[in-house]
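Student: Quick one: this structure, given as structure tokens, is what I'll be asking you about.
Rule-based calculations on the coordinates, nothing more; no lab input. Since this is a predicted model, take the numbers as computed values, not measurements. Note that each Cβ is placed from the backbone with ideal geometry, even for glycine, and that neighbours are counted across all protein chains shown.
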Amino acid sequence: MLSQDINRAFRQRLTKGGALLMPGAANALAGRVIEDLGFEAVYLSGAGLSNTYLAKPDLGFINLSEIAQHTATIRDATSLPIVVDADTGFGNALNVRHTIRTLERAGASAVQLEDQLNPKRCGHFNGKDVVGLDEARSRIRAAVDARQDPNMLIIARTDARATLGYEAALERAEAFIEDGADITFVEAPVSQDEIRGIPQRLKGTPQLVNLVVGGRTPIMPLADLDAMGFSLVLYANVALQGAIYGMQQALGQLKRDTMLDEDGPVASFIERQRVVQKDAYDALEQSYAI
């Protein structure tokens, strides 16, 4: 399936209404599992990529080339729409333009840009700060102008809630909508009332809410968020946190018992090969044989 067709279908899905539950992936295998379980979209998490690829915290260590590489591998592994976390866009408006062109070619269906200072920090960390509104708006205008497929969506995230306050964050989101953002994302609201107020204030534009397990935003049922009017409900790093827990369980048992078989806390060998579609590659290899 061509990226343009995936992007068109994704835009239509969001226009249709009903909150879409979107897990994050830090690699192609996680993207494959997410598709296998029947989710409708996958999010390439910058935090997850930094944690998984570099074993470093989300403090701006990942660069554009690394994000583009992982976008391309996830696109090759799944036909789901990919929402790509592009952090601050890696510089000024001209850098943002380059970022959008690069990630669109790599297979992104949507690109998320934020208004933090560069290098950025995780939205649920202390010590983050945002750029001035004029600079933040220039990033969004450049992103909207740079895309070549009009169905490739621009998501404008603001982290101003933590530094300038809730009202300032909503005002920034309104400005980003004026600049052409397709979706806005107010990061780290700290109460159910704040969550509820976002789609009430920003009616007419799809809204994303990020539920970080262990983070600052209260976890709420999908049905409640849908009723509030959110279009995307993001769990950016549940797969990663689950993978860390699973590795600790399996490797802890191996360390303790000095042996481990398929009765341990692991997927079976057969299931592992199913997930990576070995049968399909065997059939493809046979089709090329003389």
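Student: As a check on your grasp of the helix formula, calculate [θ] at 222 nm for the chain: sum -39500 (n - 2.57) over DSSP H runs of n ≥ 4, divide by the residue count, round to the nearest 500.
Tutor: Numbers: 12 runs with 142 residues, N = 290.
After summing the helix terms and dividing by residue count, I get -15000 deg cm²/dmol.
Student: When only C-alpha pairs under 8 Å and at least 6 residues apart count, what is the relative contact order of the chain, in percent?
Tutor: On the way: 526 pairs, mean separation 52.9, N = 290.
Averaging sequence separation for qualifying contacts and normalising by length gives 18 percent for the chain.
Student: Could you please state, rounded to a whole Å, how far the C-alpha centre of the range 57-127 is from the C-alpha centre of the range 202-253?
Tutor: Using only Cα atoms, the two centres lie 19 Å from each other.
Student: Starting from 0.36 nm per residue, how many nanometres of slack lie between Met1 and Glu135 once their C-alpha separation is accounted for? All intermediate terms of the calculation are to be shown ahead of the outcome.
Tutor: On the way: separation 134, 0.36 × 134 = 48.24 nm, distance 3.66 nm.
Length difference between fully extended and current span is 44.6 nm.
Student: May I ask which residue of Ile34, Leu117, Leu211 lies farthest towards the positive end of the charge dipole of the chain, with charges of +1 (Lys, Arg) and -1 (Asp, Glu) on Cβ and the Cα centre as origin?
Tutor: In the chain, that residue is Leu117.
Student: When a footprinting reagent is the concern and you count Cβ atoms within 10 Å, what order do Met247, Met228, Met259 take, fewest first?
Tutor: On the way: Met247 12, Met228 18, Met259 8.
In order of increasing Cβ crowding within 10 Å: Met259, Met247, Met228.
Student: Who wins for biggest fluctuation among Lys278, Lys56, Lys120 in a Gaussian network model of the chain, springs between alpha carbons below 10 Å?
Tutor: Answer for the Gaussian network model of the chain: Lys278.
Student: Additional query: Just subtract the alpha-carbon distance of Ala250 and Ala267 from 0.36 nm times their residue separation and send over the number in nm, one decimal.
Tutor: Details: separation 17, 0.36 × 17 = 6.12 nm, distance 1.02 nm.
So the chain would gain 5.1 nm between Ala250 and Ala267.
Student: Once both labels are modelled 7 Å past Cα along the beta-carbon direction, what's the Gln277-Leu21 spacing in nm?
Tutor: 2.4 nm
Student: In which sequence would Asp85, Asp226 go, from the one with the fewest C-beta neighbours within 10 Å to the one with the most?
Tutor: Details: Asp85 25, Asp226 16.
In order of increasing Cβ crowding within 10 Å: Asp226, Asp85.
Student: State to the nearest 20 debye the size of the charge dipole of the chain about its Cα centre, where the only charges are +1 on K and R beta carbons and -1 on D and E beta carbons. It would help to have the intermediate numbers written out before the result.
Tutor: Details: 29 positive and 37 negative charges, 70 e Å.
Roughly 340 debye, rounded to the nearest 20.
Student: Neighbouring Cβ atoms within 10 Å as the yardstick, rank Thr52, Thr88 fewest first. Don't skip to the answer; put the middle values down first.
Tutor: On the way: Thr52 20, Thr88 24.
Exposure proxy ranking, most exposed first: Thr52, Thr88.
Student: If you stretched the chain out fully between Leu54 and Ile290, how much longer would it get, using 0.36 nm times the residue separation minus the C-alpha to C-alpha distance? Write out the running numbers ahead of the final one.
Tutor: Values: separation 236, 0.36 × 236 = 84.96 nm, distance 4.30 nm.
Full-extension gain reported as 80.7 nm.
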